[in-house]
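Undergrad: I'd like to ask some things about the structure below.
The values are calculated or read from the model by the stated rules, or taken from the named source; none is laboratory data. Given the structure is predicted, the values throughout are model-derived calculations rather than measurements. Reconstructed Cβ throughout: ideal geometry from the backbone, glycine too, with neighbour counts over all protein chains shown. When the accessible area is computed, the model is the full protein with side chains, heavy atoms only, and any ligands, DNA or RNA have been set aside. Shrake-Rupley method; radii C 1.70, N 1.55, O 1.52, S 1.80 Å.
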Amino acid sequence: MPYRRPDFVNYQAEFNTTLHQFMQAASEQEQLSAFDKIYALRREFETMMTLASIRNSLNTSDSFYEAEQNFFDENEPHYKKLVTSFYRVLLQAPFRNALEARYGNLLFQLAALSLKTFDDCIIEDLQKENTLSTEYTKLIASAKIEFDGQIYNLSGLAPFKLSPDREIRIKASEKYDAFFAANKVALDRIFDEMVKLRHQMAIKLGFNNFIELGYARMSRTDYTAADVKRFRDAVHEQLVPISQELKARQQERLGLGDFKYYDEPLDYPGGNPQPQGSPEWIVQHAATMYKELSPATDEFFQFMQQNELMDLINKPDKAGGGYCTFLSGYQAPFIFSNFNGTSHDIDVLTHEAGHAFQCYRSRYLGIEEYYFPTLEACEIHSMSMEFLTWPWMHLFFNEHTDKYKFSHLSRALIFIPYGCAVDEFQHWIYENPHCTPDERHNAFRTIEKKYLPHRDYAENNYMESGGFWQRQSHIYRSPFYYIDYTLAQLCAFQFWYRSQSNREEALNDYIVLCDQGGSKSFLELVKVAKLNSPFDPNTIKTIAGQVKKWLAEVPEEQLS
Ligand code: ZN
């Protein structure tokens, strides 16, 4: 896939000429052809922007793609301006009915929402926000931590935090946390600038604070911050007690008199289940798994392999975490991860592959807005794939499969209160944009105690005074993207439950959901997939009961 930096001056001119053709269209046909040309131009720019971003994340010290990333950090807001001017015209389109007949109404709703999030007067702020976001990524990727004579980045150090040997766990956690503590001032400074910028943009655009702007930027069309608050309250009431029971059971299983934060990653005294082979072996088994799961997943995974659309192994200077993105110019998904020998590697091949499968299935929808739905819907695709592939987990875990499933399901549940804590914290931050960094840390620790009452930071001052959130990249890079995982998890649990009794039917509904891409809103997609809304407290109650029962029925002997 050849990369070429867009000539932005010419690009802008061509975009504006086409926009003019769109406005002046004398017939449906003329309008449609200008519309298609605009989307071809958008694909061209976005494909180059995505390529630059992928290649920058693969090697953050490569100066060529670093410069390209900087180019896009600076020009993306100008591109956004072009798209916004298109949206403005789209809403007034002379032959709007013809477009609605082809693409439905959601495109117009999304365009209207997007208009609220942008104005020329915030271009500089958006550029600054991009720069700060890249600065955060670089700082995290720069970690070089000495451990037992070797140098690791944060992903590379993670397996030691799961060691059955408590001394190793403690040492690994201390080194990991020390990186964040040592960079606290920089991390606080970056975030403080981000919060002030975001608040300032919200005010310039006529919002009271960043919360409403944040929701609009997430393209949320069918729920508000008040719905999300009710959801968090239901989680607090229904799921926090169950997650506390699971933590107590874990402590007992590990035979620990005191249960500290550095013990939490370890599920079993003999160690957590690990994939039983090399990265190549894992990918081979994943190919078998997707072949057996369905013809649709087989076709998809072959496409990913044949076109080298996965970069999975942890390397020095690679950015942290994992993601799936879409190169619209090639109609190709791309998966990025940092394999480190833990069960997390398998989660990548189910979770990120779930995202990739969805955009592969929706690649024919033809417009940028519909390749992916909003993110809480996207996470249904990924988290449900993690469960739909359960019958193949023995390929990776052999005799440790039962332990893997127990960990997977219990961790999925325990995650939800944490996700709500992150979300509540973000609402607090943007309601109180003028707070000091220390007040933010205090607020996080208070909220953390509410949702994770068991958490004991031992003697770790940085964590005890509320430092944990600084490793949660979403809080920096994608405000209000986090509750999405918890809403989606409650949908994925429904696929988990349904697939136990009727796998065929659950899988069919899942594929139908993926085929819709982003052509419907979250709650509409929930309906299409025959799921119950996570905003209904009864949904949480029912699922909590099902998951709790399944976990309770696993005998402890199986988990030693
Ligand atoms: Zn995901």
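Undergrad: Under a 1.4 angstrom probe, counting protein chains only, how are Leu409, Leu113 ranked by accessible area, largest first?
TA: On the way: Leu409 0, Leu113 25 Å².
Heavy-atom accessible area, descending, gives Leu113, Leu409.
Undergrad: Let me ask something else. Can you give me the solvent accessible area of Val9 with a 1.4 Å probe, rounded to the nearest 10 Å²?
TA: 110
Undergrad: Related question: For the Cα atoms of the chain, what angle does the longest principal axis make with the long axis of helix 123-141, in degrees from 0 to 90, nearest 10?
TA: 30
Undergrad: Once you place label points 7 Å from the Cα toward the Cβ at Ser63 and Asn538, how far apart are they in nm?
TA: Calculated label separation equals 6.4 nm.
Undergrad: Lys204 to Lys450: extension gain in nm, 0.36 nm per residue of separation minus the Cα-Cα distance? Numbers along the way, then the final one.
TA: Values: separation 246, 0.36 × 246 = 88.56 nm, distance 3.43 nm.
Additional length available on full extension: 85.1 nm.
Undergrad: Not counting ligands, DNA or RNA, and with a 1.4 Å probe, what is Thr325's accessible surface area in Å² rounded to the nearest 10?
TA: 30
Undergrad: Note the full-extension length gain between Glu557 and Gln284 as 0.36 nm times their separation in residues minus their Cα-Cα distance, in nm to one decimal. Could the numbers behind the result be given before it?
TA: On the way: separation 273, 0.36 × 273 = 98.28 nm, distance 3.16 nm.
Full extension from Glu557 to Gln284 adds 95.1 nm.
Undergrad: I've got another one for you. Mind checking the angle between helix 8-24 and the chain's longest principal axis? C-alpha axes, 0 to 90 degrees, to the nearest 10.
TA: 60
Undergrad: Ranked from the most accessible area to the least, with a 1.4 Å probe and all protein chains present, what is the order of Glu369, Glu504?
TA: Working: Glu369 25, Glu504 120 Å².
The residues order as Glu504, Glu369, largest area first.
Undergrad: What net charge is computed for the residues neighbouring Glu66, neighbours being all others with C-beta under 14 Å from the C-beta of Glu66, Lys and Arg scored +1, Asp and Glu -1? Display every interim value, and only then the final one.
TA: Details: positive: Arg5, Arg55, Lys138, Lys318; negative: Asp62, Glu68, Asp73, Glu74, Glu135, Asp317.
For residues surrounding Glu66, the net value is -2.
Undergrad: Is the range 161-262 best put as rounded, prolate or oblate by its Cα gyration tensor, with a ≥ b ≥ c the root eigenvalues, rounded for a/c under 1.5, and otherwise prolate when a/b is larger than b/c, oblate when not?
TA: Working: a/c = 4.31, a/b = 1.53, b/c = 2.81.
Oblate.
Undergrad: Additional query: On C-alpha positions alone, give me the angle between the axis of helix 401-431 and the longest principal axis of the chain, in degrees, nearest 10.
TA: Computed tilt is about 60 degrees.
Undergrad: A follow-up question, please. Starting from the Cα gyration tensor of the chain, take the square roots of the eigenvalues, sort them a ≥ b ≥ c, and report rounded, prolate or oblate (rounded when a/c is under 1.5, otherwise prolate if a/b is larger than b/c, else oblate).
TA: Working: a/c = 1.56, a/b = 1.37, b/c = 1.14.
Judged from the Cα gyration tensor, the chain comes out prolate (a/c at least 1.5, a/b above b/c).
Undergrad: Counting only C-alpha contacts under 8 Å and six or more residues apart, can you give the relative contact order of the chain as a whole percent? Working shown, then result.
TA: Details: 713 pairs, mean separation 95.4, N = 560.
After rounding, I find 17 percent.
Undergrad: Next question. What shape does the range 361-440 take by its C-alpha gyration tensor, where a ≥ b ≥ c are the square roots of the eigenvalues and a/c under 1.5 counts as rounded, a/b above b/c as prolate, and the rest as oblate?
TA: Working: a/c = 4.17, a/b = 1.35, b/c = 3.10.
The shape class here is oblate.
Undergrad: Another question about this same structure. Considering only protein heavy atoms, with the full assembly of protein chains and a 1.4 angstrom probe, order Lys229, Lys161 by accessible area, largest first. Could you put the intermediate results ahead of the total?
TA: Details: Lys229 100, Lys161 35 Å².
From most accessible down to least: Lys229, Lys161.
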